[in-house]
Amino acid sequence: MQSVLLAVDRISTFIGKTFAWCAALLTVLICWEVFSRYVLNNPHAWVLDVQIMLYGTLFMTAGAYTLSKNGHVRGDVLYGFFQPRTQATLDLILYFVFFLPGVTAMTYAGWDFFTTSLAIREQTFSADALPLYPFKFIIPLAGGILLLQGIVEIIRCVICMRDGVWPARDEDVEEVDVEKLKAMVNVKDEDIAALDRYVVKDGSRA
């Protein structure tokens, strides 16, 4: 099972790093257009559309990559104090309540957007029109990859709830030093254990 989880992580990482080159392309494109517009007095109407597409592609395809690295923003000030089983329980609840419905809807709607756009050969509204359907294909593609990575994270939650420790990740990095944070806010292990028991007990009632 661990090999399957890591294989999906590598797929998300490969896609994220591949599309990360959009940032370099975006930089080159903007610099070239500024030079062309203000030095050569030769602006291009299609450049703004390409800029938006490149940024949107970069943003959407980074989701699964960031999730595979456990890099999305969370309230680590509280979350980091919990025991792994409590963390996994909270994550599992949030994945089912928010993540799965939202990402599934995005993927389904994105595919509908793409097929409709492809059927009508949709184009941008600039003076130099560009085809829009290749960009709209990124929506279901990114949603599908993010959904796959989310399923992997759900499996990790179940494994952690069973074993009491999080499964290993490739290049796993702990962004918050929990022990130093405990010392800074004068929190004792007994207080954390009590809070942990309360969260688990309250969650079981729900």
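The values are calculated or read from the model by the stated rules, or taken from the named source; none is laboratory data. This structure is a prediction, so every number in the text was calculated from the model and none was measured. As a convention, Cβ positions derive from the backbone with ideal geometry for all residues, glycine included, and neighbour counts pool all protein chains shown.
Structure values in brief
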quantity	calculated
Residue list for the stretch 122-139, filter: polar (S, T, N, Q) and either touching a residue at least 12 places away in the same chain (Cβ under 8 Å) or part of a helix (DSSP H, G or I) (or both)	Thr124, Ser126
Residues located in the stretch 10-29, provided they are hydrophobic (A, V, I, L, M, F, W, C) and loosely packed, with under 14 Cβ neighbours inside 10 Å	Phe14, Ala20, Trp21, Ala23, Ala24, Val28
Pair list, Cβ < 8 Å and 6+ apart or interchain, from the stretch 16-28 residues that are in contact (Cβ under 8 Å) with a residue 12 or more places away in the chain and charged (D, E, K, R) to residues that are part of a helix (DSSP H, G or I) and surrounded by 11 or more Cβ atoms within 10 Å (Cβ to Cβ)	Lys17/Tyr65
Qualifying residue in the stretch 64-72 (condition: touching a His at 6+ places or on another chain (Cβ under 9 Å) and under 27 Å from Ile139 (Cα atoms))	yes
Leading residue by the ranking (surrounded by the most Cβ atoms within 10 Å (Cβ to Cβ)) among those in the stretch 82-137 that are of a type in the set (Asp, Glu) and either modelled with pLDDT of 90 or more or in contact with a Leu (Cβ under 9 Å, 6 or more places away or on another chain) (or both)	Asp91
Single residue of the stretch 66-81 satisfying the filter (surrounded by fewer than 18 Cβ atoms within 10 Å (Cβ to Cβ) and of a type in the set (A, V, I, L, M, F, W, C)) that is nearest to Phe14 (Cα to Cα)	Val73
Residue list for the stretch 5-31, filter: farther than 17 Å from Phe59 by Cα, at pLDDT 90 or above and in contact with an Asp or Glu (Cβ under 9 Å, 6 or more places away or on another chain)	Arg10
Failed condition for Glu153, given (1) acidic (Asp, Glu); (2) closer than 26 Å to Ser3 by Cβ; (3) surrounded by fewer than 16 Cβ atoms within 10 Å (Cβ to Cβ)	(3)
